[in-house]
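Before any comments, here is the structure.
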Amino acid sequence: MHNSRDATKMNKGNSAYLELKNALINCEFKPGLQLRVESLAEHFRASVTPIREALIRLHAEGFIVTQAGRGFFIKPMTHVELAARYKFACQILHSSILEHVATFSVEDVEATMSEFTSPLSEGQNPAWKVSCREEALMLGVAAMSNNVLIAEAISSFNEHTRYFRLTDFDMHNNRVDVAAYLQFLSGALASHNHEDAIVILRREFDLKLARMARVIRECNARALEDLPSCPTVAIGTANGLMPRGRHVVTGDTSQSRHLAHDLSAIAR
């Protein structure tokens, strides 16, 4: 009996963690909103313990912040943090390409891509597929290192930059340019040409850094003004995206939008 109750608590805590994380990845909360443990527990029909544990996990992963004696809060996207993430990712991807390009596998990237795109219907925004391919390729480059910490770092990078990249597509209509970059990078990697691969990677990262301040302002404005969000993409893991059947989100963001709306109403 106790084991059954414990399992139920664990499932509710994990469900809360996944739903909150999905909403955070897609900037569906207003920056500065307080995440009240009691309100979340009521929303998820769970006790406060698994909810608090979910918030602690999200804080450890860098999705929310804490204020001493006040609790957990939604943080705005900032240029300093996102630029640091891009520069760090560029450095470790550079190292992986330089040292392990001979082990690059197009087949592994395509297999990861199938996990990204299989839940998506034909009517989805085409920016999704480009974003998915970009994440799959980054994970493929990280996998060359055969280092689990590098894979986890790139998975975290993908999660923290996903909304930024989708908003960038939306603002600048540069989906075709990014798709071309991915094709060129894949070609250089497949031919084991580390010099060209590094040049192509750094050029694209530099372009994103040049547009970053403007895109971040738009990301935060959309979160503050309840503007239509970019399409939701499934939550990532160290090995790619969640396996099929585990909280893979398609274009319907209503569940997490309802959560964001409920919490915003409570906070007023």
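Only the coordinates and a few stated rules stand behind these numbers; no lab work does. Here the structure is a predicted model, which is why all the values come from computation and not from measurement. Don't worry about glycine lacking a Cβ; one is built from the backbone with ideal geometry, like all the others, and counts go over all protein chains shown.
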Taking 0.36 nm per intervening residue step and subtracting the Cα-Cα distance, what contour gain separates Asp108 from Asn146 on full extension?
12.4 nm
Can you list the residues, at least 5 places off or on another chain, whose amide H is less than 5 Å from the amide H of Gly32, using H built in the peptide plane?
Ile74, Lys75
Three-way shape label, the range 79-233, alpha-carbon gyration tensor, a/c 1.5
prolate
Calculate, in nm to one decimal, what Val37 and Arg202 gain on full extension: separation in residues at 0.36 nm each, minus their alpha carbon distance.
55.2 nm
Per-residue HN-Hα couplings for the range 26-34, Karplus 6.51 cos²θ - 1.76 cosθ + 1.60 at θ = phi - 60°, whole Hz, x for Gly and Pro?
9, 6, 9, 10, 6, x, x, 5, 7
Whole-Hz ³J(HN,Hα) from phi, Karplus 6.51 cos²θ - 1.76 cosθ + 1.60, for the range 54-63, glycine and proline x
5, 5, 5, 4, 5, 5, 5, 8, x, 8
Roughly speaking, what is the centre-to-centre gap between the range 32-98 and the range 173-200 when only Cα atoms are used, to the nearest Å?
31
Once both labels are modelled 7 Å past Cα along the beta-carbon direction, what's the Glu195-Thr78 spacing in nm?
4.1
Which of the lysines could a cross-linker bridge to Lys129, judged by Cα under 26 Å and excluding same-chain residues fewer than eight apart?
Lys21, Lys87, Lys208
Peptides ranked, highest mean first, by Cβ atoms within 10 Å: ranges 25-31, 54-60, 183-189, 203-209
25-31, 183-189, 54-60, 203-209
Charge sum, other residues only, whose C-beta stays under 13 Å from Phe73's C-beta, Lys/Arg counted +1 and Asp/Glu -1
+4
Given R₀ = 22 Å, FRET efficiency for Ser15-Val65 by Cβ-Cβ distance, to 0.05?
0.45
